[in-house]
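Quick notes on the structure that follows.
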Amino acid sequence: MAGKPERTSGKRPERASAGKPEGRRTGGSAAGQPEIRKVRKPAVSPKKPDRVPAKQAAPVPPKTNAAPDADAPARLTWKPGTIEAPLPPVLVTCGTMDAPNALTIAWTGIVNSDPALTYISVRPERYSFEIIRKSGEFVINLPVTSLLSAIDYCGVRSGRDDDKIRRLGLTLLPGETVKAPVVAESPVNLECKVKKELPLGSHHMFLAEITAVRVDPAYIDEKGRLALEKCRLVAFAHGQYFALGKVLGSMGFSLNKKGSSRPPRKKTGR
Ligand SMILES: Cc1cc2nc3c(=O)[nH]c(=O)nc-3n(C[C@H](O)[C@H](O)[C@H](O)COP(=O)(O)O)c2cc1C
C-alpha cells in the first residue's frame, strides 16, 4: 500500500461543495464554516396597503430570507451546491484486464429499476473519461471499509501517471458481460454498458445499463439473501467518509409498528 497519496495534478478530489451563503463571503468561522448572517425582520412591511392609488405600483415585498414570524426557527439560504448526502464513493474500474484503470466516483446513483439503469458523472479531464467513452463500459465496485484507503487513493491519483491497481495490489476478475475488470475485494460489482452520454457542464453523465451484478458468495446467508449489512459499506458525506454499521429497520418497517392505524401495505417494487 502506498503512503500518503499525492494529489492528481494539484487538483482537489471531487467534493460536495459546501454551499456558501448568498452574497459576499465575509470570512469564516474557526471551524472553516462560512460566516452566518443574522436573519433580520424585513425593513419594509410586506403587507399590501389597503388602497393602491392609480398609476402607483404596489410595493414589492423585499427579497429576504427572514422568517415572517420572528419566533419561527431560523434557516439559512446558501447558494446552490452539491451537498446531497450520503453518497457512495464507488470504485469504478474501466479498460481491460491487460490495461485497467480505476477512479473514485461519488456522483452516481440508480435511475431506473427495469431495465436496471445507473449513471456516473465524470469530468472530461479524468484519464478514465476517454477510456469509458471509447469502450462504452465500466464496473461499479461497491465501497467497503477494507477498500477505503484504495478508494481514496484512486480518487486523488490519476492513471495517467500511476498504475493504481498494481500499486494497490487490487485483485481483478474478468467481467462476465464487459471487458472492464471487476475488483474482487469489493463484495458487489455492477457491470455497466453506457447507453447515453450527457454533457452537463463540469461533468458528463454516462447513463448506463447494469448488465450483470457480481456478488461475493461469502456474503450470501443461509437463506440465500445477500447480507449487505455484513459488508461494512462506506458512505461519503460533505468531504468525509463514514462507515455504515447499524441496521435501523427494513423498508416499510414504519407500517408494522404496534398500534399503527394504517393497514399493512401491499409489497410494491421500487
Ligand atoms: C470521494 C471522491 C469522489 C469523487 N467523485 C468524482 C466524481 O463523481 N466524478 C469525477 O469526475 N471525479 C470524482 N473524483 C475524482 C477522481 O476520482 C480523481 O480525479 C481521479 O484521480 C481520476 O482518476 P483518473 O485520472 O485515473 O481517471 C472523486 C474523488 C474522490 C476522492
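GLY224 falls short on exactly one of the conditions (1) out of contact with any Leu (no Cβ under 9 Å at 6 or more places or on another chain); (2) in a strand (DSSP E or B), and that condition is (2).
Scanning segment 157-166 for residues that are near the ligand (Cβ under 6 Å from one of its atoms) and not basic (Lys, Arg) turns up SER158, GLY159.
Run down LYS164, LYS134 and say which single residue is surrounded by fewer than 18 Cβ atoms within 10 Å (Cβ to Cβ) and basic (Lys, Arg). Explain how you work it out, then say what you get.
On the way: LYS164 fails: surrounded by fewer than 18 Cβ atoms within 10 Å (Cβ to Cβ).
Step by step, each of LYS164, LYS134 is checked, and only LYS134 is surrounded by fewer than 18 Cβ atoms within 10 Å (Cβ to Cβ) and basic (Lys, Arg).
Could you list, in sequence order, all residues of segment 101-134 that are part of a strand (DSSP E or B), away from the ligand (no atom under 12 Å from the Cβ) and aliphatic (A, V, I, L, M)?
Of all residues in segment 101-134, those part of a strand (DSSP E or B) come to 101-105, 108-112, 117-122.
Imposing the further condition that a residue be away from the ligand (no atom under 12 Å from the Cβ) reduces the set to 110-112, 117-118.
Within segment 101-134, ILE110, VAL111, LEU117 meet the criteria.
Check whether at least one residue in segment 167-189 is assigned to a loop (DSSP other than H, G, I, E, B), more than 10 Å from the ligand (Cβ to nearest atom) and at positive phi, and report yes or no. The answer is yes, given that some residue of segment 167-189 is assigned to a loop (DSSP other than H, G, I, E, B), more than 10 Å from the ligand (Cβ to nearest atom) and at positive phi.
Where a number appears in this text, it was derived from the coordinates with a stated rule and is not lab data. Here the structure is a predicted model, which is why all the values come from computation and not from measurement. In this analysis, Cβ positions are derived from the backbone assuming ideal geometry, glycine residues included, and neighbour counts consider all displayed protein chains.
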